[in-house]
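Scroll down for the structure; my scribbles are underneath it.
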Ligand code: ADP
């Protein structure tokens, strides 16, 4: 029963992430979205908030599980008896970093195979940073994230602005 891990920051989960997770679920019998609890990215949302949003957004696919993980993904792979690491490839700009990471993971765990999937063309330029920028300045993010995530973004920026 091949299992794949789909690691990321998911700050917050977008339609691009969901697109990749669903594509992975069409290939692997089980997909575990792994939310980084030790990211250096200084996320807007806490790990629990990111977990809740991702769980809600992926609840419609029964073979996808969402967990938080603190540690190396290569170790998580072993613990979960997974065989692949899923990453999304958007533009060429993703390539260098992803290539480096895939080899690093393989150096730590030689069984770590990274599988790259391409999203639907409409999500090619979508990323969480852009969504946060738009939400921060009161823009409409309903085309980029599920409704419940859009609401959390509005709430978060209201809170930050002391409103
Ligand atoms: P990380 O900090 O690990 O890059 P992200 O949450 O930014 O975490 O991304 C997790 C994975 O999802 C990465 O492989 C990234 O390329 C992919 N991803 C994010 N947004 C999209 C998108 N719009 N289309 C395809 N893949 C995406």
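The values are calculated or read from the model by the stated rules, or taken from the named source; none is laboratory data. What you see is a predicted model, and the numbers here were worked out from it, not measured in a lab. So basically every Cβ, Gly included, is an ideal-geometry build from the backbone, and we count neighbours across all protein chains shown.
Points worth noting:
- Filter result for residue 74 (assigned to a helix (DSSP H, G or I), closer than 21 Å to residue 146 by Cα and out of contact with any strand residue (DSSP E or B) (no Cβ under 8 Å at 6 or more places or on another chain)): no
- Considered as a group, the residues in region 116-134 that are in a loop (DSSP other than H, G, I, E, B) and touching a strand residue (DSSP E or B) at 6+ places or on another chain (Cβ under 8 Å) include one that is farthest from the ligand (Cβ to nearest atom), and that residue is 118.
- Within region 58-65, none of the residues are within 15 Å of the ligand (Cβ to nearest atom), crowded, with 19+ Cβ neighbours inside 10 Å and over 30 Å from residue 154 (Cα atoms).
- Test result for residue 66, assigned to a loop (DSSP other than H, G, I, E, B), touching a residue at least 24 places away in the same chain (Cβ under 8 Å) and farther than 19 Å from residue 94 by Cα: no
- Region 1-32, subset within 9 Å of the ligand (Cβ to nearest atom) and closer than 15 Å to residue 80 by Cβ, residue surrounded by the most Cβ atoms within 10 Å (Cβ to Cβ): 6
- Only one of 162, 138, 155 that is more than 11 Å from the ligand (Cβ to nearest atom) and touching a helix residue (DSSP H, G or I) at 6+ places or on another chain (Cβ under 9 Å): 138
- Residue list for region 81-115, restricted to those being within 12 Å of the ligand (Cβ to nearest atom) and part of a loop (DSSP other than H, G, I, E, B): 89, 90, 91
- When 144, 137, 99, 95 are screened for being loosely packed, with under 12 Cβ neighbours inside 10 Å and out of contact with any strand residue (DSSP E or B) (no Cβ under 6 Å at 6 or more places or on another chain), only 137 passes.
Every residue, every condition in (1) within 21 Å of residue 120 (Cα to Cα); (2) modelled with pLDDT of 95 or more, yes or no:
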{"site": "22", "(1), (2)": "yes, yes"}
{"site": "26", "(1), (2)": "yes, yes"}
{"site": "31", "(1), (2)": "yes, yes"}
{"site": "45", "(1), (2)": "no, yes"}
{"site": "52", "(1), (2)": "no, yes"}
{"site": "59", "(1), (2)": "yes, yes"}
{"site": "74", "(1), (2)": "no, no"}
{"site": "82", "(1), (2)": "no, yes"}
{"site": "93", "(1), (2)": "yes, no"}
